[in-house]
Amino acid sequence: METKLSEAAVRARLVGVEVKPSRSRPGWLTIGTWRVPELELQEAGFQLVMVWNGLDDDKWPATRIGEVLAAEFCGPVRHGAMEDVLARLYRSRSLVPETDQGGNAGSSFKKRLQDKLGTCQVEMLAEGARWHTLTITVRR
């Protein structure tokens, strides 16, 4: 198992997906899927960030990207484990009072959930309204 997830390992694991340096976040990578998530490789794990509204890439959704990379860095990860964490995250209560943004914007919220995947901790944070930022952080 790697001590740090490498860019080469990311490219090797995300077959058929363009991985390139981020233009908006120096030191991060952009993953060429429908929602264009950005990835930061950290000494003790990684962070995946994207704007989300419940719809994602059919072949490479954020949860699959997170699972594949976690399996590379954290040891065996059950297929569907990251999707399970995401479902629990959205069922959880908001950490702030939800505020109706009006029209089609939805209600603002902030939800956080932690779990264990392999030898790592995963934390998911969803913050915003209908279109919001989803952050998946995996740390050993």
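The figures follow:
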quantity	calculated
Selection from the stretch 88-129 of residues that are hydrophobic (A, V, I, L, M, F, W, C) and either surrounded by fewer than 14 Cβ atoms within 10 Å (Cβ to Cβ) or over 19 Å from the mean Cα position of the chain (by Cα) (or both)	95, 96, 105
The stretch 20-55, residues that are crowded, with 16+ Cβ neighbours inside 10 Å and of a type in the set (A, V, I, L, M)	29, 31, 39, 41, 48, 49, 50
Tally, over the stretch 21-35, of residues that are closer than 15 Å to residue 136 by Cα and modelled with pLDDT of 95 or more	4
Any strands (runs of 3 or more DSSP E) falling wholly within the stretch 25-137 and containing at least 2 residues that are in contact with a Ser or Thr (Cβ under 9 Å, 6 or more places away or on another chain) and over 18 Å from residue 6 (Cβ atoms)	45-52, 107-117, 120-128
Selection within the stretch 36-57 - of a type in the set (A, V, I, L, M), under 23 Å from residue 140 (Cα atoms) and in contact (Cβ under 8 Å) with a residue 40 or more places away in the chain	44, 48, 49, 50
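The values are calculated or read from the model by the stated rules, or taken from the named source; none is laboratory data. Small disclaimer: the values here were computed from a predicted structure and weren't measured. Cβ: placed from backbone, ideal geometry, glycine included. Neighbour counts: every protein chain shown.
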